[in-house]
Structure formats: structure tokens, C-alpha cells
Amino acid sequence: MGRQPFGLASPAAWLRQAGAQVTCNDLAREPLNEDAVRAANLVAFYLPMHTATRLAVPVIERTRRLSPAANLCAYGLYAFMNAKYLRDRGVETIIGGEFEQGLAALVRGELPAAGVSLARQQFLLPDRGTLPPLDKYAQLVLPGGKRRTVGYTEASRGCKHLCRHCPVVPVYGGQFRIVQKEVVLADVRQQVAAGAQHITFGDPDFFNGIRHATEVLREMHAEFPAVTYDVTIKVEHLLQHESYLPLLPETGCAFVVSAVECLDDYVLSHIFEKGHTRADFIRVAALLREVGVALSPTFIPFHPWMSLEDYEELLSTIAALELIEQVSPVQLAIRLLIPEGSRLLELPEAQAAVDTFEPAGLCYRWKHRDPRVDKLQRDVEAFIGQAVTAKRERRAIFADIWKMLHDTMGGIARPLPATPPGRPRITIPYLTEPWYC
């Protein structure tokens, strides 16, 4: 996700311990190492995201041509969810869930357990030695414009919640696994030694295990008081653990990412099963503002159960809460992704909304009942891509999207709701690469 991947560094340590010669090749930052591929008898593709999986397909085909005898393996959330599709393209081994032990078994000539393994592991210190240096990845921009080198680690995997649209759920089924505290801290330590000044914790939800999470934060801050960090936490957990919120700024938290998704309480509760309401989101925005931590909410504004009026309500609320500068523009264009295995498909409402599975897109297609919604989503997505490339300010991008919406609704020239100007962009820390899915 724009950071040096734990999902390559962690298994690299296990494979080297098992006696393998390992080459890590981060295709988000460097070209395919064809010499290493030709020499390999095992090539494993880490597929933690939908986008990564789609990008991997032509590389898998190329790898098969370069090394016809190699065992091709795929691991990560989207490997298990797309097992049949990947096997049809030459991938022989699929490892779901906790993948380090399975990869080590392959190296020893054993077959990993079929399906998903959620076996508890004693993690090893990730081996980051053959990955691109940290300064090749995303940076944190601080108030005033100063930049910090960003490291990335994980204190846990999986999630104890069952949000219907989440890709973690089909694999982990409501369970999560911790990375031992001493391993997390040692990984932070080696990245700080390599130049990291900020750490992204990539846990699906950092507060799944509140005791583990707070111990990691306290000990990291005690050892590295100048190092900042960011975390992802559910709205539900931010409210449940409200008493811990002051700990975040005390230990150097720069911002919190939280998946708000939408503001329609019916969709939140019945369709997505998010565990929070519109009012909860508004409360969390106020709580984090009170403790002095920036909230970076994420959304799925376009889905089969929304309307143009719902989109207007979302934009109005973002403006009223003074969050325009804290919402990455891409969040205003996200279209609901329904991959293979999604719990959404259990709902009659979803079955009525989706069309056929699209192999090339690795998802189920859907069309909105109002064609204006689909057109607006395409137009907003294209506009944001151009605007971000042109380095336009977020407030200006937001204002143009507001106008696009009202042009779509009938050309009614409505001004944005009168709101305070909010915090200027330069006072809010943010990452240079806001990857999403």
C-alpha cells in the first residue's frame, strides 16, 4: 500500500531460515527480476489487495514463460478468494490466511494445508534486506511541508468483526492473530535504523486487541519518542475504547484512518454490517478533534443502495464536519467492489443488484438503477485522477465535485453549505500515497 511490504519481508525471514535462497521483488517499485525468476524453483506472489491481484496476472503469465518448471504460488487475502481464477492461469499452490508456515513447508518439499490456515505463529523478525530502501516509498508530509520517511509493520492480522463488504472476512471469518510484541518492536527498531521517522501500522483494525495495541504504542514511544505513526481503527472501536484516545497523541499518532463507508444507517447496519451509525461517525470526528488527532475517513460513496441525494448528504456532512482537507479525493469516487466470496452475496438485496462475475475485473458487475449515478461515478473518478495529477488543492477538487453532482441532479446551482473554513491543508499530516484497495 505504498509502503515497504511486511508481506514480503516476513516470509523472506521464514524461507531463509528454512535454507532457501530468497530474492524479494517489489513490483510496485522495481521491474521484474527476470534472472531471479529463471533461476527459481518457487515463485510466490503476495496478493493482499484487489489491484495487486489484477496487476499480478500478466506477471504470472510472464513468469510461467520465463521459468516453466517453477512452482508458482499465490498467498494473501485475494489469493484465496480468487483461487480458481489463479489456478486456471498456472498457479499451483494457494495459501490462505497465515502464510509463513505454508511457504516454509513448500521450501521443505511439503504440501501446505489446503484452504485457509489460521494457525497461531511465532513470528520472526522480517528480513527487509533485499527490498528497495524506505526512501523509495510513500512519505509523511507534516504541517509546514517537512517530509518524513515512512516504515510499515503489522501488529496483527485478520479481524474479529464480520463487515459484509470486507475482503478480510471470507479468509479470517471473524478471527484475528497478533504478531508478538517483541517482533513488532524489533521490526520498528530495524526500520528506524534504516531511516524511518514514521510507522504505518497496517493492521485491518489496530484496536482488535486493545491490550496488545496499547502495549506496542507505549513501548515504541518510550524507545523512539520522536517517531510518529498512523493506524486504522473502526468507528465502533474508537467509541468502545474512548478512554484510550488520549494515548494516541501522547504516543505520537499523526492520524487515524477509519472506514466510515457511508451515512445511511440502513446500509451501514443491514447491508455492510459496519457496527456504527451516522451519529457514531459524527461523534468520533468530534472526539478525535478534541484529543488533537486528525481523522482520515474512508468511504464507499457509490453502491447499489445509494442515491444522488445520499451523495449530496455525504458531501454536505464532510463539509459541515470540516473534514474536506482530511478526506483523500479518491474516497469521493470509490465504487463498491464485490469480489468472489464476499458476504454481501448472502443478501437477497445484493443478489438482485449484481450481474455476472467478471473474471478480468475479479469482481461481480453491478449497475445502479439510476444510470445518472453510474455516470457521475465515472466522471468523478476521471476528474479526480486529472486533478490529483495536476496537484490541485483538495478544497478546490471538492467544490468542483459538488458542482458536478448538482449538474447531474438537474443543473441547480446550489452553494456548498456555509461552514467554517476548517483546518488548512498545511496543518494536517498526510501520506503522499493514499492507497486504498
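The values are calculated or read from the model by the stated rules, or taken from the named source; none is laboratory data. Remember, it's a predicted structure, so these values are computed and weren't measured experimentally. So basically every Cβ, Gly included, is an ideal-geometry build from the backbone, and we count neighbours across all protein chains shown. Quick note on the areas: whole protein, heavy atoms, side chains included, nothing else; ligands and nucleic acids left out. Shrake-Rupley method; radii C 1.70, N 1.55, O 1.52, S 1.80 Å.
Computed quantities for the displayed model
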{"read-out": "Evaluation of A196 against (1) out of contact with any Asp or Glu (no Cβ under 8 Å at 6 or more places or on another chain); (2) on the phi > 0 side of the Ramachandran plot (one fails), failing number", "value": "(2)"}
{"read-out": "So V293, is it crowded, with 23+ Cβ neighbours inside 10 Å and at pLDDT 95 or above", "value": "no"}
{"read-out": "Residues of segment 321-365 that turn out to be closer than 20 Å to E433 by Cβ and among the acidic types (D, E), as a count", "value": "1"}
{"read-out": "Hits in segment 382-405 - residues which are surrounded by 17 or more Cβ atoms within 10 Å (Cβ to Cβ) and either within 20 Å of S296 (Cβ to Cβ) or in contact (Cβ under 8 Å) with a residue 60 or more places away in the chain (or both)", "value": "I384, A387, R394, I397, F398, I401, W402, L405"}
{"read-out": "Tally of residues being farther than 15 Å from D35 by Cβ, in a helix (DSSP H, G or I) and touching a Lys or Arg at 6+ places or on another chain (Cβ under 7 Å) across segment 51-73", "value": "3"}
{"read-out": "Neighbours by Cβ (under 6 Å, 6+ apart or cross-chain): first from segment 115-141, over 28 Å from T93 (Cβ atoms); second part of a loop (DSSP other than H, G, I, E, B) and of a type in the set (D, E, K, R)", "value": "K136/R29; Y137/R3; A138/R3; A138/E433"}
{"read-out": "Long-range neighbours under 7 Å by Cβ, at least six apart or interchain, first residue touching a residue at least 60 places away in the same chain (Cβ under 8 Å) within segment 349-362, second hydrophobic (A, V, I, L, M, F, W, C) and in a helix (DSSP H, G or I)", "value": "E349/I271; A350/L344"}
{"read-out": "Residue within segment 25-35 that is open to solvent by less than 30 Å² (accessible area, probe 1.4 Å) and in a helix (DSSP H, G or I) present", "value": "no"}
{"read-out": "Selection within segment 193-212 - buried (at least 19 other Cβ atoms within 10 Å of the Cβ) and under 23 Å from G2 (Cα atoms)", "value": "A196, Q197, H198, I199, T200, F201, G202, D203, P204, D205, F206, F207"}
{"read-out": "Qualifying residue in segment 5-24 (condition: in contact with a Leu (Cβ under 7 Å, 6 or more places away or on another chain), open to solvent by 20 Å² or more (accessible area, probe 1.4 Å), at pLDDT below 95 and at negative phi)", "value": "no"}
{"read-out": "Hits in segment 296-323 (condition: open to solvent by less than 10 Å² (accessible area, probe 1.4 Å), out of contact with any Ser or Thr (no Cβ under 6 Å at 6 or more places or on another chain) and closer than 25 Å to L140 by Cβ)", "value": "F299, I318, L323"}
